[in-house]
1. What are the residue pairs meeting all of these: first residue in region 189-203, first residue at positive phi, second residue open to solvent by less than 10 Å² (accessible area, probe 1.4 Å), Cβ atoms under 9 Å, and 6 or more apart or on different chains?
2. Among the residues of region 134-143, is there at least one that is small (G, A, S) and in a helix (DSSP H, G or I)?
3. Residue check, R98 against (1) over 21 Å from I41 (Cα atoms); (2) within 14 Å of the ligand (Cβ to nearest atom); (3) basic (K, R), all met but one. Which one?
4. Within region 220-247, which residues are under 24 Å from L194 (Cα atoms) and open to solvent by 50 Å² or more (accessible area, probe 1.4 Å)?
5. Within the set of pairs 6 or more residues apart or between chains, which connect a residue that is on the phi > 0 side of the Ramachandran plot inside region 220-245 to a residue that is open to solvent by less than 10 Å² (accessible area, probe 1.4 Å) and within 11 Å of the ligand (Cβ to nearest atom) with Cβ atoms less than 6 Å apart?
6. Is it fair to say V164 is within 16 Å of the ligand (Cβ to nearest atom), open to solvent by 10 Å² or more (accessible area, probe 1.4 Å), hydrophobic (A, V, I, L, M, F, W, C) and on the phi < 0 side of the Ramachandran plot?
7. Out of (1) closer than 27 Å to T89 by Cβ; (2) hydrophobic (A, V, I, L, M, F, W, C); (3) buried (at least 22 other Cβ atoms within 10 Å of the Cβ), the odd one out for A178 is which?
Amino acid sequence: MRTIIAANWKMNKTHAQAEAVAAEVAASLKEQPVQDREVLIFPPATSLDCVSQASQGLYETGIQNFYPAEDGAYTGEISPAMVHDAGGTWALVGHSERRHIFMEPDALIAEKVNFALAHDLKVMLCVGETLEEREADQLRTVLLRQITSGVSGQTAASVDNIAVAYEPVWAIGTGKSAGSREILEAHEIIRDILRAVFSDGESVPILYGGSVKPGNAHEILGLDNVNGLLVGGASLEAKSFLEIVRA
Ligand code: PGA
């Protein structure tokens, strides 16, 4: 199983700032290659082009959000063709900030998954429960709903192009990552769901996200069914992101 270490820069960095971090990451990966890890950066859309160009093939890039249409009257939106044009090969779909701040429903998320895959973008589907859902014992129900609706309509052929990121909403940007027991439990549930949905569900990478830092990355990566990390705050500086890449 491959291991994916992904940076989600969210709404941070000007073009020049993005270019500087990307150049530092590429230089380090060139000097000291990582054999067993795929590195991925989701910069803001305005920097996708320059971050892709700086990669020298050493990492991949993706879009944080897009709209599931070829083109047309969708003010403010970005199409998969534009993502390809800017060098992106991945799309983040269903991030908790999209679900909770921008009120994206499961149906739109499913549409985006379908559209991205049909337009040759790999998909990182983000799932995770809120604190209220966890306290109400809804973890399995929420994960089942988010995953089955997100990948409904996908066939075995899509498996190679999908990754799932488990990001408990209460751990994102709070400085408080989930504990090993909580991560193990959620990732096992997700693996069971993926096995039920896809005959080859075993091979879908499951990433953990939520307050990953250089100090906890190694331990989290050692847990069963953890096949990578999706890093927000700690990916904004090249130094800490690279420490996580090499954790
Ligand atoms: P965080 O964000 O690492 O800052 O908690 C993770 C994410 O939202 O992808």
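The values are calculated or read from the model by the stated rules, or taken from the named source; none is laboratory data. Since the structure is predicted, the reported quantities are computational estimates derived from the model, not experimental observations. Don't worry about glycine lacking a Cβ; one is built from the backbone with ideal geometry, like all the others, and counts go over all protein chains shown. Each accessible area value is taken on the protein alone, full model and side chains, heavy atoms only, with ligands, DNA and RNA left out. Shrake-Rupley method; radii C 1.70, N 1.55, O 1.52, S 1.80 Å.
1. none
2. At the first step, the residues of region 134-143 found to be small (G, A, S) are 136.
In the following step, the residues that additionally are in a helix (DSSP H, G or I) were identified as none.
Within region 134-143 (the criterion being small (G, A, S) and in a helix (DSSP H, G or I)), the answer is no, since none of the residues qualifies.
3. (1)
4. Start the filter on region 220-247 by keeping residues that are under 24 Å from L194 (Cα atoms), which leaves 220-231.
Answer for region 220-247, where residues must be under 24 Å from L194 (Cα atoms) and open to solvent by 50 Å² or more (accessible area, probe 1.4 Å): G222, D224.
5. G228/L207
6. Details: within 16 Å of the ligand (Cβ to nearest atom): yes; open to solvent by 10 Å² or more (accessible area, probe 1.4 Å): no; hydrophobic (A, V, I, L, M, F, W, C): yes; on the phi < 0 side of the Ramachandran plot: yes.
Judged against the criteria, V164 is not a match.
7. (1)
Okay, residues lined up against (1) within 16 Å of the ligand (Cβ to nearest atom); (2) not β-branched (V, I, T):
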{"residue": "R181", "(1), (2)": "no, yes"}
{"residue": "L184", "(1), (2)": "no, yes"}
{"residue": "A196", "(1), (2)": "no, yes"}
{"residue": "V204", "(1), (2)": "no, no"}
{"residue": "P214", "(1), (2)": "yes, yes"}
{"residue": "D224", "(1), (2)": "no, yes"}
{"residue": "G232", "(1), (2)": "yes, yes"}
{"residue": "L236", "(1), (2)": "yes, yes"}
{"residue": "L242", "(1), (2)": "yes, yes"}
